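Take a look at the structure below.
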Amino acid sequence: MKKNDKVLIFDTTLRDGEQAPGASMNQREKLEVAQALERMGVDIIEAGFPVISKGDFDSVNIVAKKIRNSTIAGLARSVKKDIDAAAEALKPAKRGRIHVFLATSKIHIEHKLKKSPDEIVQMAVDAVKYARNFCDDVEFSPEDASRSEKQFLYRVLEQVIKAGARTVNIPDTVGYAVPEQYGKLIFDIKNNVPNINKAIISVHCHDDLGMSVANSLAAVKNGARQVECTINGIGERAGNASMEEIVMALRTRQDYFGCSTGIKTAEICRTSRLVSKYTGFAVAPNKAIVGGNAFRHESGIHQDGVLKEPTTYEIMRPEDVGFTGLGLVLGKHSGRAALKSRLKELGIELNDQELVKAFERFKDLSDKKKEVFDEDLIAIVEAEVQEVKETWALESLVVTSGTKIKPKVEIKLKSAGKVHVKSATGDGPIDACYMAVDAITELKGKLINYGIQSVTQGQDAQGEVRVSVNFDGNKVTGIGASTDVIEASVKAYLNAVNKACAGKKNKGAAKSVDFGLQL
Ligand code: KIV
Ligand code: ZN
């Protein structure tokens, strides 16, 4: 019989992923992402770093309360106050894990921690022992492990396992490793840490040199049985290893790796879209597994091959990852029941009120656009239906713009049944629109990120705009879709305005961890 070891998936989208500049999510969004991760079958969800701020603490706490099928992890430095915060936040969890870390590389020990190697070993052991008072499931990460001296790393690992760590994680914190070397590191750990069979070896790779997935897989090939990763590969700097790529590589090349995961892969695209929506980070069209072009064949030769036999050019089936493709779903004459049933097939359940709104938008769209695809439906539902209370709604928009004139707009917004009008000029038509919106709402938003993507192909395709806006130190994301890109831009901005009005506070600038401790 072929070997098929289980590889545990430890998702850190809500912790390391959220550390990506500009990616912060509010509590409701984090909980929704956690629920999506649970639905996918993620083994461990790292929900945050509880000591860092009240917002982080509360998010870990609520995720610990609501999620029942995945283990919930909270991160802590190797100091009591962090471990206390993690233990407290994880109290309601059915299965909780405290994840403690401490750097072990010479660079970090000498320059950042200013401790002796013996002191580091003692701190790591003390932290694991202390965490074990609260929880049986303790993970230890020697930060910057891939640049640590091997003999010292073996020593730390042996001691933390002795102290009670059940998982030892080997982070490539700065994305420095290369696959062969990193795989060998895991192999050497297995052969040089005497009690290693008492712990699961985990890996945690960053993508600074674009090798995080390859490094993680090389580690699995050499015995790692937990992979830490994020949806869409988001994370600190260049990001973390992408979960969808790891999972699909293990599944597609099971013949080579002899391992599998418990992930329900058909949930991948849906979860990817959710994370993209809440972080405001668009997924590149050519991104493996979840990019819009990942299953599209442009060349005639390829299309012909796929029509004759899909495996000629497809190593995975689009439906295996929940890729909806360009299924032509509904036309101008389709009714509400047809819309409801297609949305259900796409995994979107709406209440009656949301369905009325979705249907209105669908009719509106099918007047402007000959063909309405699955992607169009997902875009309108995500952007305009399942969102927060609409304090401000776009009533109408008139734009005058050209090569030799200063862009000018007149915007009408509706709020509580009353229509408000303002005109504004700006550097470009979108800038002018945002000025006019700010003038009406009296909220001053600072645009941090703006991205636009075509939802489908062709000249009549909808544009989907994602924005991140800073309102008084709170980062809020917004999404809007329309066949008119200026209208989509205004809708995205208004979506962010409405979230800000709903008081959906983000932690953003509120990150208040005491890094004076320098751990
Ligand atoms: O990259 C890293 O080293 C980390 C640790 C806290 C696991 O994120
Ligand atoms: Zn990391």
Stokes-Einstein D for the range 324-384 at 10 °C, 1.306 mPa s, Kirkwood Rh over Cα pairs, in µm²/s?
140
Report, in whole Å, the centroid distance computed from the Cα atoms of the range 102-177 and the range 430-478.
43
Sequence gap at least 6, Cα distance under 8 Å: using those rules, report the relative contact order of the range 17-154 to the nearest whole percent.
20
For residue 448, list long-range residues whose amide hydrogen, built 1.01 Å from N in the peptide plane, is under 5 Å from its own amide hydrogen.
468, 469, 470
How large is ³J(HN,Hα) for each residue in the range 107-117, as worked out from phi by the Karplus curve 6.51 cos²θ - 1.76 cosθ + 1.60 (θ = phi - 60°), to whole Hz, x for Gly and Pro?
4, 5, 5, 6, 8, 9, 8, 6, 10, 8, x
Using only the alpha carbons of the range 351-418, determine the length spanned along each of the three principal axes and report them from longest to shortest in whole angstroms.
46, 33, 17
Round to the nearest 10 and give me the degree value, 0 to 90, for the angle of helix 429-441's Cα axis relative to the longest principal axis of the chain.
90
The range 393-505: translational diffusion in µm²/s, Stokes-Einstein, Kirkwood Rh over Cα pairs, 10 °C, 1.306 mPa s:
112
Whole-Hz ³J(HN,Hα) for each residue in the range 85-95, computed from phi via Karplus 6.51 cos²θ - 1.76 cosθ + 1.60 with θ = phi - 60°, x for glycine and proline: what do you get?
5, 5, 4, 5, 5, 8, 3, x, 5, 5, 10
Could you give me the percent of Cα pairs per 20 Å distance bin for the chain, shortest bin first, beginning at zero and ending with the bin that holds the maximum distance?
21, 51, 25, 3
Only Lys, Arg (+1) and Asp, Glu (-1) charged, at Cβ; the range 324-384 dipole about Cα centre in debye
300
The range 1-156: Rg to Rh, with Rh as the Kirkwood radius over Cα pairs:
1.00
Where a ≥ b ≥ c are root eigenvalues of the Cα gyration tensor, a/c under 1.5 meaning rounded, otherwise prolate if a/b exceeds b/c and oblate otherwise, the range 106-202 counts as oblate
Looking at the chain only, what percent of DSSP beta bridges run antiparallel? Nearest 5 please.
50
If you line up the long axis of helix 150-163 against the longest principal axis of the chain, both from Cα atoms, how many degrees apart are they, to the nearest 10?
90
Give me the angle, in degrees from 0 to 90, between the Cα long axis of helix 352-368 and the longest principal axis of the Cα atoms of the chain, rounded to the nearest 10.
60
Taking every other residue with Cβ under 12 Å from the Cβ of residue 160 and scoring Lys and Arg +1, Asp and Glu -1, one gets +3
One computes Rg over Rh for the range 5-279 from alpha-carbon atoms, with the Kirkwood Rh, and obtains 0.94
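Readers should treat all values here as calculations from the given coordinates under stated rules, not as data from a laboratory. Here the structure is a predicted model, which is why all the values come from computation and not from measurement. In this analysis, Cβ positions are derived from the backbone assuming ideal geometry, glycine residues included, and neighbour counts consider all displayed protein chains.
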